[in-house]
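The values are calculated or read from the model by the stated rules, or taken from the named source; none is laboratory data. Note that the structure is predicted; figures quoted are calculated from it, not measured. Note: ideal-geometry Cβ built from the backbone for every residue, glycine included; neighbour counts use all protein chains shown.
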Amino acid sequence: MNERTNDKKTLRHIAIFSLIALSCGWIGRLVDLKAGTDDNGSLGMLIWIASPLLTVIILRSFRGDGWKDFGIKPNIKRNFFPYAASLLFFPILAAAIALIGHNLKWLDAANLSSSFLAAFGMALLPGIIKNMFEEFAWRGYLAPKLFSTGSRRIFVHIGVGLIWGAWHIPYTAAIMHTSESMITFVPRMLIGVVALSVVFGEIWVMTRSVWPALIMHTVGNSFLDTLFLENYLAVPEANEYLVMPTSGLIPIALTALAGFWLYRRNTGLIKSKAQA
């Protein structure tokens, strides 16, 4: 009986978290529209960024979820590979995009210079702060809670990815810097976030810690945003759908391949441990 009650409570709290995550951005947008502002750092954007983590704190601290499965321990021992993957995944992805895009003339790398490293370094600290709000919510709450329901790993990754992706939608036009219609951009962006969710999720499965995801997210935002948004890699509007991070067909395909490989690798390791 206690187990069933706990299962119902977990599902109810997942639904509460998801509802708040899916609505807080639209509330933030409404606040910004009323205030007549649409800049980074607006009150509405703060509501959007902070609401999921505030919900986690309330559910864990005051509604009985506790902090046991939060993943605050780094669990570095015997996890060299997932930590290395967290650091290197996005730089390797960026190199592959640049190589493919340059050879096929989908982007221009003429502006790439040593100043990129300084710009990348300067983006890390604000990236860490911003991504604590995201990762402590998505990998610190939603992923472990969905896993606790007994759902298959791939369905958990897809569920996290869809909610995580939909959370971005209200501010997509403001943060993605695209001229493409949202009608075509948003569905592709959602697919890209789901593909990323598999990679992030499988690294979480290996470590049961939020820190690799935080490292990976911060390196990814700092590296890719600096490269593309600061025009170190210049992408013509006509080619954005091919090579831009998260929403480009090439990054999505490469990320999906990486996620599939990690999923297969971890499935084999889990089966091996079960048979031992």
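Could you tell me which of the residues Ala238, Ala274 is assigned to a helix (DSSP H, G or I), free of Cβ contacts under 8 Å to residues at least 24 places away in the same chain, aliphatic (A, V, I, L, M) and more than 25 Å from Arg153 (Cβ to Cβ)?
Unique residue meeting the criteria: Ala238.
Quick check on Asp7: is it acidic (Asp, Glu) and either within 22 Å of Trp164 (Cβ to Cβ) or surrounded by 16 or more Cβ atoms within 10 Å (Cβ to Cβ) (or both)?
The answer is no for Asp7.
Out of Phe89, Phe70, which single residue is at pLDDT 95 or above, surrounded by 15 or more Cβ atoms within 10 Å (Cβ to Cβ), out of contact with any Leu (no Cβ under 9 Å at 6 or more places or on another chain) and not in a helix (DSSP H, G or I)?
Phe70 is the lone residue from the list that is at pLDDT 95 or above, surrounded by 15 or more Cβ atoms within 10 Å (Cβ to Cβ), out of contact with any Leu (no Cβ under 9 Å at 6 or more places or on another chain) and not in a helix (DSSP H, G or I).
Taking the range 243-276 on its own, how many of its residues are among the aliphatic types (A, V, I, L, M), over 14 Å from Ile191 (Cα atoms) and surrounded by 14 or more Cβ atoms within 10 Å (Cβ to Cβ)?
The total comes to 3.
Taking the options Leu53, Leu22, Leu59, Leu30, name whichever one is touching a helix residue (DSSP H, G or I) at 6+ places or on another chain (Cβ under 8 Å) and loosely packed, with under 14 Cβ neighbours inside 10 Å.
Just one listed residue meets the conditions, Leu30.
For Ser179, indicate whether it is touching a helix residue (DSSP H, G or I) at 6+ places or on another chain (Cβ under 9 Å), in a loop (DSSP other than H, G, I, E, B) and surrounded by fewer than 19 Cβ atoms within 10 Å (Cβ to Cβ).
Against the criterion (touching a helix residue (DSSP H, G or I) at 6+ places or on another chain (Cβ under 9 Å), in a loop (DSSP other than H, G, I, E, B) and surrounded by fewer than 19 Cβ atoms within 10 Å (Cβ to Cβ)), Ser179 qualifies.
Every residue in the range 182-214 that is crowded, with 20+ Cβ neighbours inside 10 Å, part of a loop (DSSP other than H, G, I, E, B) and not polar (S, T, N, Q), please.
Passing the criteria: only Val210.
Count, please, the residues in the range 200-259 that happen to be out of contact with any strand residue (DSSP E or B) (no Cβ under 6 Å at 6 or more places or on another chain) and either hydrophobic (A, V, I, L, M, F, W, C) or at positive phi (or both).
Going through the range 200-259 one residue at a time, the tally reaches 34.
Given the criteria modelled with pLDDT of 95 or more and surrounded by fewer than 14 Cβ atoms within 10 Å (Cβ to Cβ), does Ala84 qualify?
For Ala84, the condition - modelled with pLDDT of 95 or more and surrounded by fewer than 14 Cβ atoms within 10 Å (Cβ to Cβ) - is met.
For Leu124, are the conditions met, namely being more than 26 Å from Leu249 (Cβ to Cβ), surrounded by fewer than 16 Cβ atoms within 10 Å (Cβ to Cβ), out of contact with any strand residue (DSSP E or B) (no Cβ under 9 Å at 6 or more places or on another chain) and of a type in the set (A, V, I, L, M, F, W, C)?
Here the answer is yes, as Leu124 does meet what is asked.
Sort out which residues of the range 184-207 are of a type in the set (S, T, N, Q) and either in contact with a His (Cβ under 6 Å, 6 or more places away or on another chain) or within 26 Å of Arg78 (Cα to Cα) (or both), and write them in order of number.
Ser197, Thr207
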